[in-house]
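Notes follow once the structure below has been shown.
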Amino acid sequence: MRCRESKGLITDVIRGSIAEEAGIQCGDILLEINGKPIEDLIQYNLLTSGENQISIKLLTKDNEYLFVEIDKEWDEDLGIIFENSIIDGIRKCRNNCIFCFINQLPSNLRETLYIKDDDYRLSFFFGNFITLTNITDQDIERIKELKISPLYVSVHTTNPALRIKITNNPRAGEIYNQLKDLVNGGIEIHCQIVLCPEINDDAELDRTIEDLSLLWPGVKSVGIVPVGLTKFRDGLYPLKKVERQKAIETIRIVEKWQQKFKKKIEHNFVFAADEFYLIAGMKLPQYKDYEEFPQLENGIGLISIFEKEFKDIKKNLPKKINLYREVNVITGILAKDFMKRITYELNKIENLKVNLFAIENNFFGKDITVTGLITGTDLIKQLEDKHLRHDIIIPSVMLKNNSDLFLDNISISEVEQHLGIDVKVSSVNAEEFMRTIMGKVNDE
């Protein structure tokens, strides 16, 4: 019984809360509120907010049903923390996209890495991109009624036949009408295009950008990212990686549309991923060109944010630190030149030495050059003969979901044991990066 009903697991009850006073405990399972089964935190919040009296049905950790009547202030929180924001189970992807990264993973990785979620609730809660191919008319009505907004949608193309080909799902051709329905219902949407050379580029890309722009301001932005191809593609659809010339062409298309949109709607609307500029060897747009950074969930504009943050704090950096400090900064191949400029500035500080190591991705294949997909295995293999004696600093994007594990299940402690040095983690934030670089040394 408990296995079947374990989706609303309560992992914590806030001390002194109404829930604690009512006898609700960590390990209990929430089943119903006011006679209604709970689907997700959206419904939970709706049923518990603005109410003075609530009836709750739970399954205790002793496998007994518990019925609780609660009297509360209308704006008072119950104090219940759930294991997941999705209580009735995550909705899985029904597509078989020709570029699906999960299909390109090797075996024996963490089980969670193979989960293909395509759940509009996760899109709302965490900015996950969804395809809408598994969404029902009832779902759309619920989204509009509850104003579950914004949502993040992987469009790839507005050409119905081409989208069906890309996703291998006959429902994929409905995307434009679905977007129009949601937008007309007051839902804001940020769209994604995974660009595949000779598939949805050039004229098809122009068509998609133009079609989506007709749904502005409901469709708030469009982000274009290059397809990622690992070495594990045997038997999969033959795709080409984004080379320098294709990156330049894509940037030119984006710039052309941005100029039109600036005149028409006073917004850039469409944005190319940082990777395109790095692949093309072109200067990234200025900070202001990203406006409110609507595609940050896609990592678009992340380098410009870091660059501006570093520029802002650079004038306050010390000319000298009291105690000698040496650190080793880790990055990916694609961001190497950018990080060279950062470490060059840091090495101007007397008594500070910052070494930069760009790690090649042998685990997934050399065509994977982004920092976020560097594994612990490659880190160990490429640094073990360097005989490093000082801390290494890695960005948090190398780790999965705020854990201490790399994508290949290697932990930070395992890397530390192999290399014999400490591993420090910094978010992609210039201030935190500098604090990690400096450690506990004091400046003069």
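The values are calculated or read from the model by the stated rules, or taken from the named source; none is laboratory data. This one's a predicted model, so the numbers in the text were calculated from it and none came from an experiment. Backbone-built Cβ (ideal geometry, glycine too); neighbour counts: all protein chains shown.
Worth pointing out:
- Residue that is farthest from the chain's Cα centre (by Cα) [pool: residues in region 417-429 that are polar (S, T, N, Q) and not in a loop (DSSP other than H, G, I, E, B)]: Gln417
- Residue count for region 187-213, restricted to those that are under 24 Å from the mean Cα position of the chain (by Cα) and outside any helix (DSSP H, G or I): 13
- Residue match in region 373-381 (condition: of a type in the set (S, T, N, Q) and within 20 Å of the chain's Cα centre (by Cα)): yes
- Lys320 satisfies every condition listed in (1) closer than 30 Å to Ile209 by Cβ; (2) exposed (fewer than 14 other Cβ atoms within 10 Å of the Cβ); (3) touching a strand residue (DSSP E or B) at 6+ places or on another chain (Cβ under 6 Å) except (1).
- Taking the listed residues Leu278, Leu229, the one that is out of contact with any strand residue (DSSP E or B) (no Cβ under 8 Å at 6 or more places or on another chain), under 26 Å from Lys308 (Cβ atoms) and buried (at least 19 other Cβ atoms within 10 Å of the Cβ) is Leu278, with no other qualifying.
- Counted residues, region 336-372 - those being surrounded by 16 or more Cβ atoms within 10 Å (Cβ to Cβ) and of a type in the set (D, E, K, R): 1
- Any hit, region 327-334, residues being surrounded by fewer than 21 Cβ atoms within 10 Å (Cβ to Cβ), outside the structural domain of Pro106 (by TED's automatic domain parsing) and within 23 Å of Phe101 (Cα to Cα): yes
- Reported count of residues in region 27-76, each being over 27 Å from Leu122 (Cβ atoms) and touching a residue at least 60 places away in the same chain (Cβ under 8 Å), is 1.
- Residue match in region 247-262 (condition: among the polar types (S, T, N, Q) and outside any helix (DSSP H, G or I)): no
- Hits in region 146-174 - residues which are among the polar types (S, T, N, Q) and not in a loop (DSSP other than H, G, I, E, B): Ser154, Thr167
- Sole residue being surrounded by 17 or more Cβ atoms within 10 Å (Cβ to Cβ) and under 23 Å from Phe271 (Cα atoms), chosen from Ile135, Ile130: Ile130
- Ile143 vs. criteria over 19 Å from the mean Cα position of the chain (by Cα), farther than 19 Å from Leu373 by Cβ and crowded, with 16+ Cβ neighbours inside 10 Å: yes
Okay, residues lined up against (1) surrounded by fewer than 18 Cβ atoms within 10 Å (Cβ to Cβ); (2) out of contact with any Leu (no Cβ under 9 Å at 6 or more places or on another chain); (3) closer than 24 Å to Leu105 by Cβ:
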residue	(1), (2), (3)
Ile374	no, no, yes
Lys400	yes, no, yes
Ser411	yes, no, yes
His418	yes, no, yes
Ser427	yes, yes, no
Glu431	yes, yes, no
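- Applying the criterion of being surrounded by 17 or more Cβ atoms within 10 Å (Cβ to Cβ) and either under 22 Å from the mean Cα position of the chain (by Cα) or without any contact (Cβ under 8 Å) to a residue 40 or more places away in the chain (or both) to the residues of region 176-186, the residue that is farthest from Ile135 (Cα to Cα) is Val183.
- Residue within region 340-354 that is within 23 Å of the chain's Cα centre (by Cα), of a type in the set (Ser, Thr, Tyr) and within 30 Å of Lys319 (Cα to Cα) present: no
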